[in-house]
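The values are calculated or read from the model by the stated rules, or taken from the named source; none is laboratory data. Given the structure is predicted, the values throughout are model-derived calculations rather than measurements. Cβ sites come from the backbone with ideal geometry, for glycine too, and all protein chains shown count toward neighbours.
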Amino acid sequence: MAALKLEQICKRYGAVQVIPDLSLDVAPGEFIVFLGPSGCGKTSLLRMIAGLEEVSGGRIEIGGKDVTHAAPGQRQLAMVFQHYALYPHMTVRENLAFGLRNIALAEEEIDRRIQEAARMLELDALLARKPGQLSGGQRQRVAIGRAVVKEPALFLFDEPLSNLDAALRGRTRLELAQLHRRLGATMIFVTHDQIEAMTLATRIVVMNAGRIEQVAPPSELYRRPATRFVAGFIGTPGMNFVPVRRLADRQGLAAIELPGGQELLTRVPAAVPGSELTLGIRPEHLVTAARGPLPAQVEMVEFLGERSLAHVRLVDGTRAIATVAGASPAAGELVQLDLVMDEAHLFDKQGLAHHAVAQGAAA
């Protein structure tokens, strides 16, 4: 396993700048996920790390060695692509051995590595088969095995699960997590699927328009997003955003006026700047209640088995999603919503987040 260091990496295509001055440190053994919407630059960044695309500026280090301009084969890494790219005329064993024979590795060592990879990935019974005789999940495991046998310092995964069905994606996620624990290897994984990111990552790099919005463990991204973009991107369903007006601070905390005129004292320190703010609260912390301070009209109730979600419209027209407590209201019914203020955030005009603090800590 090896550390990865990116220093002021930038990427330009002619006059178009895709990634401007991006820096990141990855510790040995971390499982890092690049997460973001399509076109945010995550795949371009991965390909620059792999040496498949040239950097326009900056420096890349793997294991303390400058590889900025090194060829892909000199970077001690292995890459697993979205498409398996297996040789259809070769058996699984031959597919695993092909790259190792190209570097003239001894046959005894090739056999050892194949047996070890086959054991880890449960490919033992498949070594004599050809790719056409395998399921999609089995072919993906072979593609991962082809990376494992190289014993690289760094693994790169470019949306490797996107071609699998939902059930198979879930099983393969588990296999990847177990593989990471067994190998203790440094892994970089690109996806636009936040479930994959939240399940696999030790830290997630949330990207937007070529820039890093936040780098943090999954739980921190969910509970304490740094920006409105992160708050809206992480979570299913996403965070609710309600425009509010700033009132005079009280007890060292920011006070706000909700749509409908109700006044509310937040748990956010008064240092939050500006008078026009946005209240951010997740659906599980916005709950139907008989005496809640926020009135709304129900548009639809979504039954999800373990819980029901009410899609509502507030008096100012803002749409939100709340958790139903008790009997489900009917479409068109007026309800009151209560807010768990310890889990509420305020966002300023720049989109920066200001988080609630424990009671008594703001004074």
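The table for this structure:
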item	result
All positions within the stretch 212-241 that are more than 15 Å from G351 (Cβ to Cβ) and either buried (at least 21 other Cβ atoms within 10 Å of the Cβ) or touching a Leu at 6+ places or on another chain (Cβ under 8 Å) (or both)	V215, L221, P237, N240
Some residue of the stretch 190-204 being out of contact with any His (no Cβ under 6 Å at 6 or more places or on another chain), over 25 Å from E151 (Cα atoms), of a type in the set (S, T, Y) and at pLDDT 90 or above	no
Exclusive hit being touching a Gly at 6+ places or on another chain (Cβ under 6 Å) and among the small types (G, A, S), set G64, G29, G51	G29
Residues that are charged (D, E, K, R) and either surrounded by 18 or more Cβ atoms within 10 Å (Cβ to Cβ) or under 12 Å from V242 (Cα atoms) (or both), drawn from the stretch 271-315	E276, R282, R313
Checking G73 against (1) closer than 18 Å to M187 by Cα; (2) surrounded by 15 or more Cβ atoms within 10 Å (Cβ to Cβ), the condition it does not meet	(2)
Scope the stretch 208-228; condition without any contact (Cβ under 8 Å) to a residue 40 or more places away in the chain and of a type in the set (S, T, N, Q); matching residues	Q214, S219
Of the criteria (1) over 12 Å from I212 (Cβ atoms); (2) out of contact with any Ser or Thr (no Cβ under 8 Å at 6 or more places or on another chain), which one D25 fails	(1)
Residue among G99, G63 that alone is in contact (Cβ under 8 Å) with a residue 24 or more places away in the chain, on the phi > 0 side of the Ramachandran plot and surrounded by 13 or more Cβ atoms within 10 Å (Cβ to Cβ)	G63
Residue check for S44: surrounded by fewer than 16 Cβ atoms within 10 Å (Cβ to Cβ) and either small (G, A, S) or not assigned by TED's automatic domain parsing to the domain that holds A209 (or both)	no
Flag if P259 is in contact with a His (Cβ under 9 Å, 6 or more places away or on another chain), at pLDDT below 95 and outside the structural domain of L161 (by TED's automatic domain parsing)	no
Residue in the stretch 91-100 that is under 25 Å from S44 (Cβ atoms), modelled with pLDDT of 85 or more and in contact with a Gly (Cβ under 9 Å, 6 or more places away or on another chain) present	no
Inter-residue pairs, beta-carbon under 7 Å, first crowded, with 20+ Cβ neighbours inside 10 Å and in the stretch 175-190, second of a type in the set (S, T, Y) and assigned to a helix (DSSP H, G or I), 6+ apart	V190/T43
Filtered residues of the stretch 1-58 (kept if at pLDDT 95 or above and among the aromatic types (F, W, Y))	F31, F34
Selection count, the stretch 277-327, where residues are among the basic types (K, R) and in a strand (DSSP E or B)	2
Inter-residue pairs, beta-carbon under 7 Å, first under 23 Å from V206 (Cβ atoms) and in the stretch 45-57, second hydroxyl-bearing (S, T, Y), 6+ apart	E53/S44; V55/T68
Extreme residue, farthest from T202 (Cα to Cα), among residues of the stretch 220-276 that are in contact with a helix residue (DSSP H, G or I) (Cβ under 9 Å, 6 or more places away or on another chain) and hydroxyl-bearing (S, T, Y)	T266
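Residue by residue, here is whether (1) surrounded by 18 or more Cβ atoms within 10 Å (Cβ to Cβ); (2) modelled with pLDDT of 95 or more; (3) over 24 Å from the mean Cα position of the chain (by Cα); (4) of a type in the set (A, V, I, L, M, F, W, C) holds:
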{"residue": "R319", "(1), (2), (3), (4)": "no, yes, yes, no"}
{"residue": "A325", "(1), (2), (3), (4)": "no, no, yes, yes"}
{"residue": "P329", "(1), (2), (3), (4)": "yes, no, yes, no"}
{"residue": "F347", "(1), (2), (3), (4)": "yes, yes, no, yes"}
{"residue": "H354", "(1), (2), (3), (4)": "yes, yes, no, no"}
{"residue": "Q359", "(1), (2), (3), (4)": "no, no, yes, no"}
